[in-house]
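Report on one structure; see the data block that follows.
The values are calculated or read from the model by the stated rules, or taken from the named source; none is laboratory data. Keep in mind the model is a prediction, meaning the values are calculated, not measured. Here the Cβ positions follow ideal geometry from the backbone for every residue, glycine too, while neighbour counts run over all protein chains shown.
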Amino acid sequence: MAGLMQGKRGLVMGVANHNSIAWGAAKALHAHGAELALTYQGEAFGKRVRPLANEIGAKLLIDCDVEDIASVDAAFARIREEWGGLDFLVHALAFSDKNELKGLYADTSRENFSRTMLISCFSFTEITRRAAELMTTGGSVLTLTYGGSTRVMPNYNVMGVAKAALEASVRYLAADYGPRNIRVNAVSAGPVRTLAGAGVSDARLMFNYQRKNAPLRRNVTIDEVGGAVLYLLSDLANGVTGEIHYVDSGYNIMSMPALDELKV
Ligand code: NAD
């Protein structure tokens, strides 16, 4: 099954370090022959991402902050200049003020609500639009979400609301771009220990709770998430669009804690 992405070029946004979910995706895509470009958010991350880019032979490494639309435009102009087209895109980025990833959702401020929605949700629409302009013969676009979109997760708060809107965006974008043979999907990952994940209060507790109560009785790895990203971006998933695909050891199907946990 090697070489699923042979001859394809794609952009992966959201690698911060070797723990990032985007890095799990980049490794899987590279292992299957894709040529990759990476973006990073500012020079502080650039220093960490450069050696990772070298590891996978990604020559195109672009500074891009999605809050600054000029930097998004510059990133896509660069891709157009270097490659002329694009086959796939991974959007694996999110942000919210960690002071509001605890306590009550009801206390979310207007400012952080808007900022969270812009970075974690609307950026996907803006980026997909720009990517689609480069996908003249079709393509595949993917974002990362979390089950806090459909069920209440303590402390996930405004990020859960942003992920719900992000998942709705996946469906609307899939309908918009389907006639142009551009597929739009999301992977809903279980908790992973990353920089963004650590921003949610009591993250360790949630991580352990899901490990103990998911059907597989373990957490997922970035390589497992990367495998699902690879499938959805590859031609194996040519008939799949508008889908929210869970990679969470099955946690989302449970309606109550595991009995072995309740009995201890
Ligand atoms: P991470 O910290 O490794 O990656 C988050 C990325 O977002 C970083 O690279 C950061 O630079 C980027 N980012 C934040 N604000 C940005 C901005 N303004 N412009 C450009 N980039 C910006 O964490 P991660 O957990 O790998 O997160 C990747 C995605 O996976 C996020 O959408 C996250 O919500 C989602 N996700 C994470 C988990 C988890 O438990 N870690 C679970 C499900 C989904």
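Of note:
- Which numbered condition Ala106 misses (of (1) part of a helix (DSSP H, G or I); (2) within 14 Å of the ligand (Cβ to nearest atom); (3) more than 22 Å from Ala22 (Cα to Cα)): (2)
- Listed by first and then second residue, the pairs linking a residue in segment 145-173 that is more than 10 Å from Ser188 (Cβ to Cβ) to a residue that is acidic (Asp, Glu) and more than 13 Å from the ligand (Cβ to nearest atom), with Cβ atoms under 7 Å apart and 6 or more places separating them unless they lie on different chains, are Asn157/Glu100; Val158/Glu100.
- Residue check for Glu35: within 16 Å of the ligand (Cβ to nearest atom), over 15 Å from the mean Cα position of the chain (by Cα) and not basic (Lys, Arg): no
- Residue list for segment 127-146, filter: crowded, with 16+ Cβ neighbours inside 10 Å and either within 12 Å of the chain's Cα centre (by Cα) or part of a helix (DSSP H, G or I) (or both): Ile127, Thr128, Arg130, Ala131, Ala132, Leu134, Val141, Leu142, Thr143, Leu144, Thr145, Tyr146
Conditions tested, residue by residue: (1) part of a helix (DSSP H, G or I); (2) modelled with pLDDT under 95; (3) of a type in the set (A, V, I, L, M, F, W, C).
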residue	(1), (2), (3)
Leu11	no, no, yes
Ala16	no, no, yes
Gly24	yes, no, no
Leu29	yes, no, yes
Gly33	no, no, no
Thr39	no, no, no
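- If you go through segment 185-223 and pick out every residue that is out of contact with any His (no Cβ under 6 Å at 6 or more places or on another chain) and in contact (Cβ under 8 Å) with a residue 60 or more places away in the chain, you end up with 16.
- Enumeration of residues in segment 176-193 that are in contact with a strand residue (DSSP E or B) (Cβ under 9 Å, 6 or more places away or on another chain) and surrounded by fewer than 20 Cβ atoms within 10 Å (Cβ to Cβ): Asp176, Gly178, Arg180, Asn181
- The residue that is farthest from Leu101 (Cα to Cα), counting only those in segment 178-229 that are of a type in the set (A, V, I, L, M) and away from the ligand (no atom under 11 Å from the Cβ), is Ile182.
- Of all the criteria given as (1) closer than 30 Å to Leu11 by Cα; (2) more than 9 Å from the ligand (Cβ to nearest atom); (3) surrounded by fewer than 19 Cβ atoms within 10 Å (Cβ to Cβ), the one not satisfied by Met254 is (1).
- Taking segment 156-191 as the range and being of a type outside the set (A, V, I, L, M, F, W, C) and in contact with a Phe, Trp or Tyr (Cβ under 9 Å, 6 or more places away or on another chain) as the test, the residues that pass are Tyr156, Asn157, Gly160, Lys163, Ser169, Arg183, Ser188, Gly190, Pro191.
- Single match in Ser114, Ser120 (criterion: among the hydroxyl-bearing types (Ser, Thr, Tyr) and either within 14 Å of the chain's Cα centre (by Cα) or not in a helix (DSSP H, G or I) (or both)): Ser120
- In a residue-by-residue description of segment 71-84, the property of being over 19 Å from His18 (Cα atoms), away from the ligand (no atom under 15 Å from the Cβ) and not in a helix (DSSP H, G or I) applies to at least one position.
- Val90 being assigned to a strand (DSSP E or B) and free of Cβ contacts under 8 Å to residues at least 60 places away in the same chain: no
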